[in-house]
Structure formats: C-alpha cells, structure tokens
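Following: one structure in structure tokens, then a few remarks.
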Protein chains: 2
Amino acid sequence: MPLPIEIALEEARAAAARGEVPVGAVVTDAAGRVLARAGNEVEARHDPSAHAEVLALRAAAAVRGDKFLTDCTLTVTLEPCPMCAQAIGFFRIRRLAFGAYDPKGGGVEHGARIYAATSCHHAPEVIGGLREAECGAVLRAFFAARR
Amino acid sequence: MPLPIEIALEEARAAAARGEVPVGAVVTDAAGRVLARAGNEVEARHDPSAHAEVLALRAAAAVRGDKFLTDCTLTVTLEPCPMCAQAIGFFRIRRLAFGAYDPKGGGVEHGARIYAATSCHHAPEVIGGLREAECGAVLRAFFAARR
C-alpha cells in the first residue's frame, strides 16, 4: 500500500498534468485508511480557494458526515498556506504532515504562522519535510516548464 | 436598494434561523451590483470551511467565470477569520468592509493579521466597524439563546 505522502505526490503530479499548480493532499483516519484525496483545482473551478487541502478536508468530512476529523491526518506535498492552515484547524485535524517548506506562501512555519496566533483554537501536531526533495522537485519542474 | 451591509445582515439573520452562527456576506461589483450573497452553512454542509465569505466569493467567481474579483467589494457582518482573510486575498478582492470586530477569532485586525504577514501577496483596502452594533447584536443574541 502506498504511503500517504506517495498518494499526495500522485495527486500533485495529476494536478500538474491538468495545468494546476502541483500540490496534492490526502486525509487518512487513525487506522491509516484513505478517506479522501485531492489535487489543486483552482484553474478548473475558477476558484482560488480550491486548494488540495481544502478539497480533501471537505470530501473527508462528507464521507464521514461529520464536520470534525479529530482522529485524522492530513498529508500534503507543500506547507499549507494560511487559508488551508486555518481550515485544517477548523476541521480539528489531529496531525498535519507536509512535504516541501514554502517560505514565500506558507502559513505554518512561515508568514502568518497560523497555529502560533492567539486566535488559534485548534493546532494539529505538525511534521514538515516529508519527501521534501521529491515534493519540491515536482513544483520546480512545473514552474520551470512555464517560464 | 438595500446597502451591502444590510444584505449581509439579512443573510446573517437567515443563517441564525437555520441554526448557523449568524454571519452573512455579499460580493458587489464596481457598479454596486450584487454578484453573490451567502450566510454560514457550516452545520448544513458538515463543512467548517463553509463560512459566508468563502461561499460568497466562490459563487461570485462562478457567476463571472473568472477566478479574480479585482474590482469587487466583499461586505461581511463580522471581521473575517484568517482562513477567509487569506481567501479574500487569493480572489484579489479590492475592498473588504466588515461589521463587528472579532478579537477572538478575527484574522484581519487581530490574531494572525493576514494582510500584514510577509507571505501576503494581495491585501484589500479594509474598512471595519460598519453597522458594528447591529452586526454584533445579531451574534450576541444567537449565542445568548444557546446558553
């Protein structure tokens, strides 16, 4: 069975093939079962909020019929932006695992540092740098090809 | 014709009647035309990301068939949370007008202060305190009735 980060990488590559910024995400439950997986759909939906993380969270909650994913892990190829970081908190995700760090757009270890803000009610356990080189390479290849 | 903040207040009251935290939002274009309006649908959708702002932004972009709302104003009854503040930036909203300030959950004038973060690429013009007392009263009445 592929690891969650491998599934997220598959979603990132599929997003790139659709002309989307290649970020992929997957929500797994406490037993490691995949509840939902998604890649970016910003272009296809004309929706800048359609980041992989938000789509995967929303789909996982729909599968469960429960707005809280308290026992779940979100695995994503890139450090989440502030919007996604806050959404991850709102869905009460237990653990966030991400691949590449994003000094420019990230909101977990950089920028707004959402989980460190006083207004943050739920912060997941955070693990960064999973398959960091591979996750970053997918993004760099995408942007290099567009220049 | 009602003002945008009056439309947002209507949406907030309609949300309260559905058992949702009463926040309402409306997107208007440069001519003041209403592109989309929404209230919170967190409970109905089992989706903690279904805040009024995100729903209104997504609907407005769908109406336009364009992911950027560069000429538009988002008017909302409560200071946006960090998730919504970042989404407002991603949709490139020109002006954000909000009603009540939210010292606990807000991400514009409080907490993560999204538009002040180094990772913020687009910050709207911000006007806070529109019909502040009325917007706050709708929220207080909702929570008082649930205690």
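The values are calculated or read from the model by the stated rules, or taken from the named source; none is laboratory data. From a predicted model like this one, the values you see are computed outputs, not experimental measurements. Note that each Cβ is placed from the backbone with ideal geometry, even for glycine, and that neighbours are counted across all protein chains shown.
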Evaluate the following for residue A:130: is it in contact with a helix residue (DSSP H, G or I) (Cβ under 6 Å, 6 or more places away or on another chain), at pLDDT 95 or above and not acidic (Asp, Glu)?
yes
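Tell me yes or no: at least one residue of region A:41-53 is in a helix (DSSP H, G or I), touching an Asp or Glu at 6+ places or on another chain (Cβ under 9 Å) and farther than 30 Å from residue B:70 by Cβ.
No - not one qualifying residue is present in region A:41-53.
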Residues that are crowded, with 24+ Cβ neighbours inside 10 Å and either within 7 Å of chain A (Cβ to nearest Cβ) or hydroxyl-bearing (Ser, Thr, Tyr) (or both), drawn from region B:62-92
B:75, B:77, B:81, B:82, B:83, B:86, B:87, B:91
Residue B:80 being of a type outside the set (A, V, I, L, M), touching a His at 6+ places or on another chain (Cβ under 9 Å) and under 13 Å from residue B:8 (Cβ atoms):
yes
Just to check your reading of the model, which residue among A:113, A:92, A:147 is touching a residue at least 24 places away in the same chain (Cβ under 8 Å) and more than 13 Å from the chain's Cα centre (by Cα)?
A:92
Looking only at residues that are farther than 15 Å from residue B:107 by Cβ and either modelled with pLDDT under 95 or at the interface with chain B (Cβ under 7 Å from one of its Cβ atoms) (or both) in region A:104-124, which one is surrounded by the fewest Cβ atoms within 10 Å (Cβ to Cβ)?
A:104
Take the residues of region A:49-61 that are of a type in the set (A, V, I, L, M, F, W, C) and touching a residue at least 24 places away in the same chain (Cβ under 8 Å): which is farthest from the other protein chains (Cβ to nearest Cβ)?
A:52
Condition test on residue B:141, is it within 14 Å of chain A (Cβ to nearest Cβ), surrounded by fewer than 16 Cβ atoms within 10 Å (Cβ to Cβ) and over 13 Å from the mean Cα position of the chain (by Cα)?
no
Would you tally the residues in region A:103-147 being on the phi > 0 side of the Ramachandran plot and of a type in the set (A, V, I, L, M)?
0
Out of the residues in region A:125-135 that are touching a residue at least 40 places away in the same chain (Cβ under 8 Å) and surrounded by fewer than 17 Cβ atoms within 10 Å (Cβ to Cβ), state the one that is nearest to residue A:105 (Cα to Cα).
A:128
Filtering region A:93-103 down to residues that are within 10 Å of another protein chain (Cβ to nearest Cβ) and either closer than 18 Å to residue A:5 by Cα or surrounded by 24 or more Cβ atoms within 10 Å (Cβ to Cβ) (or both) yields A:102
